[in-house]
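Working notes, beginning with the structure itself.
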Amino acid sequence: MGFLGKRYGVIATTWLLFMVVGSVSGIGANWGNQATHPLPPAIVVNMLRANGIQKVKLFDAESATLTALRGSGIEVMVGIPNEMLYTLANSVDAAERWVAKNVSAHISSNSVNIKSEDRDYVESQQPKEHTGLVTSLNLERYVAVGNEPFLPTYNGSFLGTTFPALQNIQAALIKAGLGNQVKVTVPLNADVYQSSTSLPSTGDFRPDIHDLMLEIVKFLNDNGAAFTVNIYPFISLYNDPNFPADYAFFDRYSSPINDNGRIYENVFDANHDTLVWALQKYGYGSMSIIVGEIGWPTDGDRSANVQFAQRFNQGFMSHVGKGTPMRPVPIDAYMFSLIDEDAKSIQPGNFERHWGIFYYDGTPKYNLSLGSNSGGLVPASNVRYLPRRWCILSPGANVDDAQVGPSVSYACAHADCTELGYGTSCGNLNAQGNISYAFNSYYQQNNQLQSACQFPNLSVITTSDPSVGSCRFNIMIQTTSANGLAGSAGFSHTPTSMLLFVFKAEFGLALGINRIMFNLDLMGTIEVKFVLPEIAYTQGYQGPRF
């Protein structure tokens, strides 16, 4: 695909989304909930409103979230997992029940913002040569059937069910009397299309799913629906060491691509227009496109940092109103993502938990103007934290202690240590700092239980903030829906069946790794390797003492 790039495969729970899209033209945001301690929904909704974010995509249909959004004026998507595609594909009744519960009920009783703007007026605001090409707004509402179901990592699991599910949901919407209001779409990864050269104009759909894609595109077009695609320039840079870094951003690449007079100064435009050319090749050149996900992570990799994220996201915000060489009209897009999620799978990479423009507690990571908030991001208000306590390595402990390796391994297996490693926010910590970070992550994730800071002769609780420079030692927030690994009655894991995390070479803990591996090998019961993002486990260490 040359510089066009493609997104990684995600081994994680994915979702079917209900998209309510009306007259709002501002940037939207993806609001995920794969966090051990998610912010209360009411706080998030207030934060959305304070920042002028008027569209959100949800990855579930939790009643608390939808209740908080009621009457807010924010346009909403609700979700069902990809794993439901089989049921929806094979049962019209199941599709009708899903629509009744997740679409009809919210339209009729939950005060969801579903207003629609007159299409003729919107088209009159477009350049004359693009009349009929309303890409800035999608005036119908959508049920998005599945999420990136054709990723190669799924090994074809959803190839036979996505299109039938799409058809059944549309039929159910028609039966519910919503066929003219609510349409269907499928959020797809950008690897469903490709270019045989570095030029967008040679774009076509991926050979292994070519015919299926044409069926889906025709169905969407026949029903007046949009093509939804997730585009990640960061992944182009992450996957290819030879990828020109400046081409991932929006501040004028010095060696742009010239495609028959159309100049491409960034990979987003080239990627987007590869899709436009693929659609145009088969007679769908006027089909609306939604960018369902776009963003840049801030940690977990040397290219994932606050500076790059601010540069990319602010650049995109300035670019979104201009469009692309093939579609020079405003782009309908949803930022990925709103808030960091510390429980996401790190199979794609350690950066996967750090896509948010806000930290886990609703604190802005950097200055970002979303158009309606020229003063920058507004933090969440009324956030309640646990007491100012941290779990760290005891000053009297020896980093050469044989229990250090398995203790850190255990802590990181059951918490989040993705901030540790080369080029990350905590990459400059010494051995003591790395150990303390791991201990504190586990302690906070388990709601500061005393038993979560009892690593054998190694740990102690302190009230002095151990944060160093860019490395934040977090204090967890209070939440009634916390999913921490330990509850009020103790650890949810059975101590005798604890699993041991196996790290990655790039993780780079400054622990005297060779020596620790040697000592552990002599013990004969624990194997500690440093091998992320592939994750493996081995029996052995039993965790903190109780």
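If you go through the range 304-361 and keep only what is modelled with pLDDT of 95 or more and part of a strand (DSSP E or B), you end up with A304, M335, I339, F358. Can you pull out the residues in the range 313-337 that are among the hydrophobic types (A, V, I, L, M, F, W, C) and touching a strand residue (DSSP E or B) at 6+ places or on another chain (Cβ under 9 Å)? Those that are among the hydrophobic types (A, V, I, L, M, F, W, C) and touching a strand residue (DSSP E or B) at 6+ places or on another chain (Cβ under 9 Å): F316, M317, V320, M326, I331, A333, M335, F336.
Go through the range 271-303 and give me each residue that's in a helix (DSSP H, G or I) and under 22 Å from the mean Cα position of the chain (by Cα).
Selection gives N271, H272, L275.
Against the condition buried (at least 23 other Cβ atoms within 10 Å of the Cβ), at pLDDT below 95, in a loop (DSSP other than H, G, I, E, B) and touching a Leu at 6+ places or on another chain (Cβ under 9 Å), how does V21 come out, does it pass?
Yes; evaluated as a whole, the condition is true for this residue.
Step by step: first the residues of the range 332-377, then only those that are touching a residue at least 60 places away in the same chain (Cβ under 8 Å), of a type outside the set (A, V, I, L, M, F, W, C) and within 17 Å of K55 (Cβ to Cβ), then the one that is surrounded by the most Cβ atoms within 10 Å (Cβ to Cβ). Which residue is that? Filtering first and then ranking leaves Y334. Scanning the range 451-476 for residues that are part of a helix (DSSP H, G or I) and buried (at least 16 other Cβ atoms within 10 Å of the Cβ) yields A452, C453. Checked against (1) touching a strand residue (DSSP E or B) at 6+ places or on another chain (Cβ under 8 Å); (2) not in a helix (DSSP H, G or I), L220 meets all criteria but (2).
Looking at this structure, is V291 touching a His at 6+ places or on another chain (Cβ under 9 Å), touching a residue at least 40 places away in the same chain (Cβ under 8 Å) and of a type in the set (V, I, T)? So V291 fits the description; yes.
Here is the figure for the range 419-435: residues that are surrounded by fewer than 24 Cβ atoms within 10 Å (Cβ to Cβ) and either of a type outside the set (D, E) or farther than 30 Å from F308 by Cβ (or both) total 11.
Rundown of residues vs (1) in contact with a helix residue (DSSP H, G or I) (Cβ under 6 Å, 6 or more places away or on another chain); (2) modelled with pLDDT under 80; (3) part of a loop (DSSP other than H, G, I, E, B); (4) among the basic types (K, R), yes/no style:
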position: M77; (1), (2), (3), (4): no, yes, no, no
position: K101; (1), (2), (3), (4): no, no, no, yes
position: S104; (1), (2), (3), (4): no, no, no, no
position: K115; (1), (2), (3), (4): no, yes, yes, yes
position: V122; (1), (2), (3), (4): no, yes, no, no
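Among the candidates I169, I174, the residue that is farther than 11 Å from I216 by Cβ, part of a helix (DSSP H, G or I), among the hydrophobic types (A, V, I, L, M, F, W, C) and without any contact (Cβ under 8 Å) to a residue 40 or more places away in the chain is uniquely I174.
Would you check if there is a residue in the range 401-418 being within 29 Å of R302 (Cα to Cα), surrounded by 15 or more Cβ atoms within 10 Å (Cβ to Cβ) and either assigned by TED's automatic domain parsing to the domain that holds M335 or modelled with pLDDT under 95 (or both)? Among the residues of the range 401-418, not one is within 29 Å of R302 (Cα to Cα), surrounded by 15 or more Cβ atoms within 10 Å (Cβ to Cβ) and either assigned by TED's automatic domain parsing to the domain that holds M335 or modelled with pLDDT under 95 (or both), which makes the answer no. Among (1) in contact with a helix residue (DSSP H, G or I) (Cβ under 6 Å, 6 or more places away or on another chain); (2) farther than 18 Å from D299 by Cβ; (3) in a loop (DSSP other than H, G, I, E, B); (4) at pLDDT below 95, where does L500 come up short? With respect to (1) in contact with a helix residue (DSSP H, G or I) (Cβ under 6 Å, 6 or more places away or on another chain); (2) farther than 18 Å from D299 by Cβ; (3) in a loop (DSSP other than H, G, I, E, B); (4) at pLDDT below 95, L500 is out only on (3).
Check the range 131-144 and report whether any residue there is outside any helix (DSSP H, G or I), of a type in the set (F, W, Y), assigned by TED's automatic domain parsing to the domain that holds S288 and at pLDDT 70 or above. Yes, the range 131-144 has at least one match.
Considering the range 45-65 alone, what residues qualify as being surrounded by fewer than 16 Cβ atoms within 10 Å (Cβ to Cβ) and hydroxyl-bearing (S, T, Y)? S63 - this is the single residue of the range 45-65 that is surrounded by fewer than 16 Cβ atoms within 10 Å (Cβ to Cβ) and hydroxyl-bearing (S, T, Y).
Residues of the range 297-310 include at least one that is crowded, with 23+ Cβ neighbours inside 10 Å and closer than 26 Å to V186 by Cβ.
The set of residues from the range 164-195 being over 15 Å from H272 (Cα atoms) and polar (S, T, N, Q) comprises Q167, N168, Q170, N180, Q181, T185.
The residue that is nearest to P387 (Cα to Cα), counting only those in the range 417-450 that are outside any loop (DSSP other than H, G, I, E, B), touching a strand residue (DSSP E or B) at 6+ places or on another chain (Cβ under 6 Å) and among the polar types (S, T, N, Q), is N440.
All conditions in (1) within 21 Å of F150 (Cα to Cα); (2) surrounded by fewer than 17 Cβ atoms within 10 Å (Cβ to Cβ) hold for I263, with the sole exception of (1).
Checking each residue in the range 143-185 for being surrounded by fewer than 20 Cβ atoms within 10 Å (Cβ to Cβ) and among the small types (G, A, S) picks out G156, S157, G160, A171, A176, G177, G179. Scanning the range 221-246 for residues that are surrounded by fewer than 23 Cβ atoms within 10 Å (Cβ to Cβ) and more than 21 Å from the chain's Cα centre (by Cα) turns up N221, D222, N223, G224, P241, N242, F243, P244, A245, D246. Yes or no: the range 373-385 includes at least one residue that is under 30 Å from H272 (Cα atoms), among the polar types (S, T, N, Q) and not assigned by TED's automatic domain parsing to the domain that holds N258. Yes.
The values are calculated or read from the model by the stated rules, or taken from the named source; none is laboratory data. These figures come from a predicted structure and were not determined experimentally. As a convention, Cβ positions derive from the backbone with ideal geometry for all residues, glycine included, and neighbour counts pool all protein chains shown.
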